[in-house]
Amino acid sequence: MLNALSKVSRAVSLKSPLPVLTGIKFELLDDGLILTGSDSDITIQTKITDDIEIIETGGVVLSSKYILEIIKKIDSDDVHISILDGTLTRIEGSSSKFDLNGTPINDYPRVNMNTEGIPLQLRAFLLKTVIEKTSFATSEKETRPVLTGVNFHAKDGKMVAIATDSYRLAQNVINLEDEQSFNIIVPKKSLTEISRIIEKDEEINIFVSDRKILFVIDDFYILSRLIDGTYPDTSRLISDAYDYSLSVNSSVLLSAIDRASLFSVDSTNIVTLNMSPNHVVLSSYSQEIGSVEEDLSASFYKGEELEISFSARYLSDAIKSVGSETVKILFTGTMRPFIIKDVERDDNIQVVLPVRSY
């Protein structure tokens, strides 16, 4: 039960304006126990049928915070739960007894977890990879809600996942077995919780509707609302032709970025690349502190001389997302977006917008 409660509780917000949603719904049926947690944006539900004995059916909503802590600390492998009077619920171990006030189950909002909509099947680890390689680039600002989620666009046997905060972009493309067609925006929080629930590489069933998306992972049902709105056209950020390219070992560049950003005094960590066919230098300057230069002579640069400044954190995130031993960085000009990608593959593309260094 602890594993199920821990995962279901991830959907619960302890600061929900609707008090009943700060709890987990317990539904005792003849064939098992259904646990449901929700914050109205995301709902996680599972059914426990193994190693459980239902003596009498019923239901109650219990505080997520306290029921989880009770089950974690109770001194027994077996737990007995009973509703004593109204919603007062007793949780018993071998020598511990807790009486926890609950809320009537009828106060809990009804949630439709039916498997309806456009069906899609993906391997769990593939979905987890797509989420990890894109969701970090979503916006944390609520001023443009569509940018707080990941855009999934399926067409012609491919699904493109895109996230951007207007300063960088992450794109991942996967092939689909069927030619489903949809264009949706899934909140980052929902994707984060889905990624956390995935523990083994199994088949995941997904159902896409107009306003929601349902993921069926093993015994867990994760229902998420979709973000309303039209995702911006980001295709203009990815050029078809590049005049400059830099190939460099990922670990070497990440270490250089880490050292070069030591003197940066703000969260953006602006660094500068000076590139020529014979010399590549990564540098950073602070009027208050000093300057640092990193020689990247082991890299391979093709093109004329180019100087470009950008956020060290954004480039570092992009390199880690690509996840290859060597990355290729493609440029079109000093103030044009540049691409970070695998040397040989194009399924994962990262884009960073440069900044003025003065």
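The values are calculated or read from the model by the stated rules, or taken from the named source; none is laboratory data. Keep in mind that this is a model prediction, so the values were computed, not measured. Cβ sites come from the backbone with ideal geometry, for glycine too, and all protein chains shown count toward neighbours.
What the table shows:
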quantity: Residue among Asp240, Asp233, Asp178 that alone is outside any helix (DSSP H, G or I) and either among the hydroxyl-bearing types (Ser, Thr, Tyr) or under 27 Å from Gln45 (Cβ atoms) (or both); calculated: Asp178
quantity: For Asn172: the one exception among (1) out of contact with any helix residue (DSSP H, G or I) (no Cβ under 6 Å at 6 or more places or on another chain); (2) crowded, with 16+ Cβ neighbours inside 10 Å; (3) not basic (Lys, Arg); calculated: (1)
quantity: Selected residue (criterion: nearest to Val20 (Cα to Cα)) from residues of segment 83-92 that are in contact with a Lys or Arg (Cβ under 9 Å, 6 or more places away or on another chain) and at pLDDT below 90; calculated: Ile83
quantity: Members of segment 136-150 found to be within 12 Å of the chain's Cα centre (by Cα) and touching a residue at least 60 places away in the same chain (Cβ under 8 Å), listed by number; calculated: Phe136, Ala137, Thr148, Gly149
quantity: Single match in Val130, Val111 (criterion: under 27 Å from the mean Cα position of the chain (by Cα), in a loop (DSSP other than H, G, I, E, B) and either within 22 Å of Lys212 (Cβ to Cβ) or not assigned by TED's automatic domain parsing to the domain that holds Ser209 (or both)); calculated: Val111
quantity: Whichever residue in segment 1-40 is aliphatic (A, V, I, L, M) and over 17 Å from Glu69 (Cα atoms) and, among such residues, is surrounded by the most Cβ atoms within 10 Å (Cβ to Cβ); calculated: Leu21
quantity: Only listed residue being under 22 Å from Ile217 (Cα atoms) and assigned to a loop (DSSP other than H, G, I, E, B), chosen from Ser40, Ser16; calculated: Ser40
quantity: Matching option when the condition is more than 21 Å from Leu226 (Cα to Cα), within 23 Å of the chain's Cα centre (by Cα), modelled with pLDDT under 95 and among the β-branched types (Val, Ile, Thr), among Thr22, Thr57, Thr49; calculated: Thr22
quantity: Long-range neighbours under 9 Å by Cβ, at least six apart or interchain, first residue within 17 Å of Arg313 (Cβ to Cβ) within segment 338-350, second part of a strand (DSSP E or B) and charged (D, E, K, R); calculated: Ile340/Lys328; Gln350/Arg168; Gln350/Lys341
quantity: Search result, residues across segment 314-347 that are basic (Lys, Arg) and either touching a Cys at 6+ places or on another chain (Cβ under 8 Å) or buried (at least 18 other Cβ atoms within 10 Å of the Cβ) (or both); calculated: Lys328, Lys341
quantity: Of the criteria (1) at pLDDT 85 or above; (2) part of a helix (DSSP H, G or I), which one Val292 fails; calculated: (2)
quantity: Long-range neighbours under 9 Å by Cβ, at least six apart or interchain, first residue within 21 Å of Pro109 (Cα to Cα) and in contact (Cβ under 8 Å) with a residue 12 or more places away in the chain within segment 50-79, second basic (Lys, Arg) and surrounded by 12 or more Cβ atoms within 10 Å (Cβ to Cβ); calculated: Gly59/Lys25; Val60/Lys25; Val61/Lys25; Leu62/Lys25
quantity: Selection from segment 299-320 of residues that are of a type outside the set (Phe, Trp, Tyr), within 28 Å of the chain's Cα centre (by Cα) and more than 16 Å from Val281 (Cβ to Cβ); calculated: Ser311, Arg313, Ser316, Asp317, Ala318, Ile319, Lys320
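This table checks each residue for (1) touching a residue at least 12 places away in the same chain (Cβ under 8 Å); (2) crowded, with 21+ Cβ neighbours inside 10 Å; (3) within 20 Å of Thr230 (Cα to Cα); (4) not aromatic (Phe, Trp, Tyr).
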site: Lys158; (1), (2), (3), (4): yes, no, yes, yes
site: Ser166; (1), (2), (3), (4): yes, no, yes, yes
site: Leu176; (1), (2), (3), (4): yes, no, no, yes
site: Gln180; (1), (2), (3), (4): yes, no, yes, yes
site: Ile194; (1), (2), (3), (4): yes, yes, no, yes
